[in-house]
1. Tell me, what is the FRET efficiency for MET117 and LYS297 to the nearest 0.05, using R0 = 30 angstrom and their Cβ-Cβ distance as r?
2. Check each of the trypsin sites (Lys or Arg not before Pro) in region 181-254 and keep only those in coil by DSSP with at most 11 other C-beta atoms within 10 angstrom; list them in order.
3. How many angstrom separate the Cα center of region 198-238 from the Cα center of region 115-190?
4. Using only the alpha-carbon atoms of region 148-211 as identical scatterers, what base-10 log of I(q)/I(0) does the Debye formula give at q = 0.13, 0.20 Å⁻¹?
5. Two decimals is fine: what is log10 I(q)/I(0) at q = 0.12, 0.14, 0.16 Å⁻¹ for the chain, from a Debye sum with one equal scatterer on every Cα and no solvent?
6. Considering only lysines 8 or more places apart in sequence, or on different chains, count the pairs in the chain whose C-alpha atoms sit under 12 Å apart.
7. Viscosity 1.002 mPa s, temperature 20 °C: give me the Stokes-Einstein translational D for region 186-312 in µm²/s, with Rh taken as the Kirkwood radius over C-alpha pairs.
8. Evaluate Rg over Rh across region 95-135, taking Cα atoms for both radii and Kirkwood's formula for Rh.
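The values are calculated or read from the model by the stated rules, or taken from the named source; none is laboratory data. Predicted, not measured: the structure shown is a model, and the values here were computed from it. For neighbour counting, all protein chains shown are included, and Cβ atoms are generated from backbone atoms with ideal geometry for every residue, glycine included. These area figures cover heavy atoms from the full protein model, side chains too; ligands, DNA and RNA do not enter into them. Shrake-Rupley method; radii C 1.70, N 1.55, O 1.52, S 1.80 Å.
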Amino acid sequence: MSVPAYQPFSPLGIPQKQQEKTQYSPWNPMGWYSSVNSYRQRLNLPNPGKFERLHFETKDTFLTNYIFDGAQANIIKELSGNFHVQHQFSLGSQVAPPMYNFMAGYTTERTMMQGTMDNDTNMNGTIRHMWSPSSMTKIVGQFTNTPGHSMIQLEQDYIGTDFSANVKAMNPSPLEFTGIYMASYLQSLTSNFAVGSEFVLQRPTTEIEESMMSLVGKYTGKDFVATAQFQGVGVVQATYYQRINEKVDFGVELNLVAQGGRREAVATVGGKFDFRQATFRGQIDTTGRTSAVLEEKMAPGFSFLVSGDLDHMKGQSKFGVGIMLSA
């Protein structure tokens with residue numbers, strides 16, 4: 001008695017050879033999906049990246065995550081290939097009291113866990129796990145002594161071959177359906193151009209509800225990235241990133257607000273310069289604010305930092321020095 005040959009089945013329960021020959025009726029919705037999916041596969045479009053990293057290249061040339069004032073010291077210790085700790089000391093700041101932060105992180109190929117606690121016992125934690133190359137879950141928690149400032153965020157990413165989807169929930173309450181809920185989608189239309197949308201629903205209480213939707217476009221060239229985001233009526237954010245060479249990057253951001261009687265526009269230009277043993281970032285905007293950060297690598301594992309910020313319109317200035325030691 002002969003045994004029939006094995007035939008792999010598709011997710012629809014139809015043998016693959018039979019599915020390839022299946023002809024759907026033009027009125028069958030399953031045929032629409034099959035036709036669109038086949039067309040997308042023939043295009044071989046790239047993944048457009050995550051929605052939340054839409055302006056990443058431009059933002060990386062800015063000083064948002066690098067500028068500081070007063071004195072600061074960072075000591076990083078690698079305890080193993082997966083585990084590290086960090087001590088951060090800061091004092092003399094004009095906007096924050098003297099502070100100590102302890103950070104610990106554990107990283108594997110699929111999982112990342114990181115936590116921070118300061119001298120006031122305020123804690124922040126992040127857990128991220130990749131279930132597969134296309135699926136990732138992220139949990140972020142913030143617990144403070146200040147009432148109303150604690151927060152928990154649940155996030156799920158799905159990365160397709162030519163699209164990215166993300167859903168988030170901040171302080172969700174399944175019973176009352178309160179909290180902040182966000183969903184975003186970014187789809188490649190050509191090898192260079194992608195479009196997407198984000199929907200935000202805010203329900204701080206059961207009686208109050210606000211929603212907002214934004215549309216985005218992203219064009220990626222050989223050495224530049226241009227983006228535009230329309231956030232509701234009269235709010236536009238546009239960015240442009242240009243890579244001059246492997247050591248010089250520039251970014252430009254334009255924010256426009258035209259709602260009711262409010263008319264505002266701010267343009268920001270930032271530049272990043274990588275030298276042999278130093279990295280310099282500079283930034284200037286149309287409000288008269290100029291900022292710069294210099295990181296000088298004095299020796300392997302030891303860096304000296306200088307930060308400056310001058311607001312010409314307000315007549316305010318800030319200055320900071322710091323060290324970073326890695327062992």
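1. Rounded to the nearest 0.05, the efficiency is 0.55.
2. Those satisfying the criteria are LYS222.
3. When both Cα centres are located, 18 Å separates them.
4. Taken in order of the listed q values, log10 I(q)/I(0) reads -0.45, -0.80.
5. Once normalised to I(0) and log-transformed, intensities are -1.18, -1.54, -1.73.
6. Values: LYS50/LYS218; LYS59/LYS272; LYS138/LYS168; LYS247/LYS272.
Counting lysine pairs in the chain gives 4.
7. Rounded, D is 121 µm²/s.
8. Details: Rg = 14.1 Å, Rh = 12.0 Å.
That ratio equals 1.18.
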